[in-house]
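Remarks on the structure that follows.
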Amino acid sequence: MCAFIVRVILVCLVTNSVKSHGHDLHNQVATEGPYESAAIVYKWKTMEYEWPNASMKEQYVQNGKYIPKNSAINGIKIYKGKVYATIPRLKSGVPSTLNVIVEDANNITSETHLLRPFPSWDMQKLGDCHALQLVQGMEIDIETGWMWVVDTGFVPHDSTMVRPLDACAAKLVIFDLERGLEVHRYVFPKTTVGSGLFYLNDIVLGYSSGSARYAFISDTLDYKLVIYDYLLNISYTIGHQNMGVDPDFASINISGQVLQVPTGINGIAMSPDFKYLYYSSVAGINLYRVSTSILMQHPVIREDFFDDVKSMGRKASQGDGMAYGVSDCLYYSALGKNAVYKWDIKMDQKDGKMDMSQDSQMQLASDPRMDWVDTLAFDGEGYLWFTTNNMIKFIGDHGVEEDDYNFFVWKIYINDYSYLDRKHYGPTLGSSSLIFSFKLRLLSVLLQVILAFHW
Ligand SMILES: *[C@@H]1O[C@H](CO)[C@@H](O)[C@H](O)[C@H]1NC(C)=O
Ligand SMILES: *[C@@H]1O[C@H](CO)[C@@H](O)[C@H](O)[C@H]1NC(C)=O
Ligand SMILES: *[C@@H]1O[C@H](CO)[C@@H](O)[C@H](O)[C@H]1NC(C)=O
Ligand SMILES: *[C@@H]1O[C@H](CO)[C@@H](O)[C@H](O)[C@H]1NC(C)=O
């Protein structure tokens, strides 16, 4: 009887505490929001580069090394106020694949921003396997100022088609942004990347003993994860059916136009405690999660992976890029909605249970011009940045219309920071768990009082 009463009181109090804990989260969202609407930071009809001189540009145009409408902004990362952008060589005539966005020094009244090749023009030479060939994804370790750059290595077959030509092997190159120097390079062996179709897409980093040790990279066309261990200087892979194409979601309805997107694992994200990796296919609607402890074992044991990987539920639409913040929220591209969504993962994990509810997902920003939200990034000041690039039209035979604005960089205030932002990581978690443990202590005091009174 007494035990029963105690249990009832306990259940009641605990439920209450959990409820108010959940309520706090709602309040937090409510006081942070409504979110400012997203603002355009840069826009281009065609991407413009910063040329050393006019004659070099002329020469590039004449021999087809610069075809203006064939450059589409994809990757974006921000470090100390500098915005880095990738232009993967999906078509011919892309003069530079890795860049930093700068103002036009020759025309201060111009609103057009330019792409300045990073680290140099020399490092963009097509067909020179030492140089960068096709960069889509990169990640910046804020602690060291090192940029980890993934180069798929192949070059375009003709003006409209991508085909692995096997001219240069895929590689990972690390630059020290403070010094503008290359500090590390790893060429992937054929056994890891480069037999058959492949396309190295997104990259996130995993810390071990306080520093970046692992790079996790999605291979969109070979439907697998590539893992690079910086310490041991080795790479290995793991594949799963859920990294491939879900036939039910192989077409997307973008603004009423239905298109086939038979591509696999694309956006990946890492939790700030480095325990979980999240991923999703373009041709898929589910978000998947796997423990990094499984991925950090070399080789990855297939059975362990299959046992551990779980579906977190459905996204609002198929998507491309994703990013994970220190607040335990996932931000993702929703292609069918011309939008960016926020998924409050911690709301789904109350009591250690997974409670997938659409309540935990909300639309952050949407606009008809957000045609193909590609890559997301944090700027360290509470903003989420993202690129949109009209990809379906771009990839088509005729490409984009040069009279329209096709390529955009947007930003929106979200009061969140990158999973790699150690400065913002500790305090956020600390305060919420402090409140929780305070509530527990209050509970036990209350219980003691009740029990004492009862007897
Ligand atoms: C233009 O710049 C390129 C690359 O730096 C250089 O090789 C070339 O000599 C320059 N041409 C002129 C006319 O200054
Ligand atoms: C500078 O930019 C302004 C505004 O875009 C433009 O009207 C002008 O023609 C540009 N000047 C030169 C020299 O390109
Ligand atoms: C890492 O491995 C690659 C390929 O096996 C090799 O070429 C390179 O020299 C190694 N780098 C270091 C720092 O050991
Ligand atoms: C695509 O979406 C539009 C609304 O944006 C809808 O009217 C149309 O029926 C959809 N088409 C298909 C084939 O689902």
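Quick notes
- Among the listed pairs K45/K77; K224/K315; K91/K125; K125/K393; K45/K393; K77/K171, those beyond 24 Å (Cα-Cα): K125/K393
- Extension reserve of the E103-I234 stretch, reckoned as 0.36 nm per residue once the Cα distance is removed: 43.2 nm
- Accessible surface of segment 26-425, 1.4 Å probe, proportion on carbon and sulfur as whole %: 48 percent
- Net charge dipole size for segment 31-116 [Lys, Arg +1 and Asp, Glu -1 on Cβ; Debye, nearest 20]: 420 debye
- Mean accessible surface per residue for segment 26-425, computed with a 1.4 Å probe while every protein chain stays in place, in Å²: 41 Å²
- About the centre of its Cα atoms, segment 282-391 shows a dipole size close to 220 debye [charges on the beta carbon of Lys, Arg (+1) and Asp, Glu (-1) only; nearest 20 debye].
- Rounded to 0.05, the FRET efficiency of the F306 and T112 pair, given R0 = 60 Å and the Cβ-Cβ distance, is 0.75.
- Distance (nanometres) between label positions extended 7 Å along Cα→Cβ at D248 and V183: 4.6 nm
- If you take the Cα centroid of segment 234-252 and the Cα centroid of segment 262-302, the two points sit 10 Å apart.
- Fully extending the segment from T191 to D403, taken as 0.36 nm per residue of separation minus the present Cα-Cα distance, adds 71.8 nm.
- Of the residues P52, G325, H184, the one whose Cα sits farthest toward the positive end of the charge dipole of segment 26-425, with +1 on the Cβ of Lys and Arg and -1 on the Cβ of Asp and Glu, is H184.
- Per-peptide average of other Cβ atoms within 10 Å, ordering 287-296, 103-112 highest first: 287-296, 103-112
- Rounded to whole numbers, the Karplus 3J(HN,Hα) couplings from phi for segment 270-279 are 10, 6, x, 8, 6, 8, 10, 10, 10, 8 Hz, using 6.51 cos²θ - 1.76 cosθ + 1.60 with θ = phi - 60°, and x at Gly and Pro.
The values are calculated or read from the model by the stated rules, or taken from the named source; none is laboratory data. As the structure is a computational prediction, the values presented were derived from the model and not from experiment. Positions of Cβ are generated from backbone atoms using ideal geometry, with glycine treated the same way; all protein chains shown enter the neighbour counts. Heads up: the accessible areas ignore ligands, DNA and RNA and are worked out on the full protein's heavy atoms, side chains in. Shrake-Rupley method; radii C 1.70, N 1.55, O 1.52, S 1.80 Å.
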